[in-house]
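Every read-out reported here was derived from the displayed coordinates using simple, explicitly stated rules and does not represent laboratory data. Just so we're clear, the structure is a prediction, and the values are computed from it rather than from any experiment. Every residue, glycine among them, receives a Cβ derived from its backbone with ideal geometry; neighbour counts consider all protein chains shown.
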Amino acid sequence: MEVARRGMAAYGKLFNKKAGLVSRAWYPDLANYRRDGYDFDARYEDGLASYKDKCIMDVLLRDGPTLTKDLKKAAGFGLHTQEIDGHDVTAIYNAIQKAKETKGVPSCIVLNTSKGKGATFAEPKHDHSSQPKEEQWLEAIAASEKELEAARNA
């Protein structure tokens, strides 16, 4: 499989679900033959290629030859995956909207966060496990609601 790793050939279940190698020169012809002459974008737009196929194709076009295990990971294992700053309310709101718009595939939003971030009573002291006083809760809730409203109006 060294030939596939070096990008000299494509390897996969290309021949009636049987594994094989195809040279880079012949691969576009084989792909078009298997797609009944359609290019990939036309197949996708006509509903003849799945969203999962589209994710895989996007990764291949972006990254070039890719090992299967890396391809599956990069394509999101069939999930619509978004990785965002979990402290950016606008990014969270936009990611949720995008997830709602994405049809035919489960969505996953990965929020990168720091414990206590944004809680005025916890962040400066890294005291995220403390029990805040009622005034501190009200202050934190008001700050969060203000950020959410700003994100909605953005």
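Things to note:
- Two-site FRET efficiency, Lys73 against Ser23, from Cβ-Cβ distance with R₀ of 22 Å, rounded to 0.05: 0.25
- Inter-site label distance for Asp85 and Asp46 at 7 Å from Cα along Cβ, in nm: 4.4 nm
- Members of Lys54/Lys103; Lys98/Lys146; Lys52/Lys73; Lys117/Lys146 lying beyond 18 Å, as alpha-carbon distances in this model show: Lys98/Lys146
- Given their separation in residues at 0.36 nm each and the Cα-Cα distance between them, Arg152 and Thr102 gain 16.0 nm when the chain is fully extended.
- The string of couplings for segment 95-107 from the Karplus curve (6.51, -1.76, 1.60, θ = phi - 60°) is 5, 5, 4, 5, 5, 5, 7, 7, 10, x, 7, x, 10 Hz, one whole number per residue in order, with x for Gly and Pro.
- Approximate spin-label separation Ile109-Glu123, in nm, with each point projected 7 Å along Cα-to-Cβ: 1.9 nm
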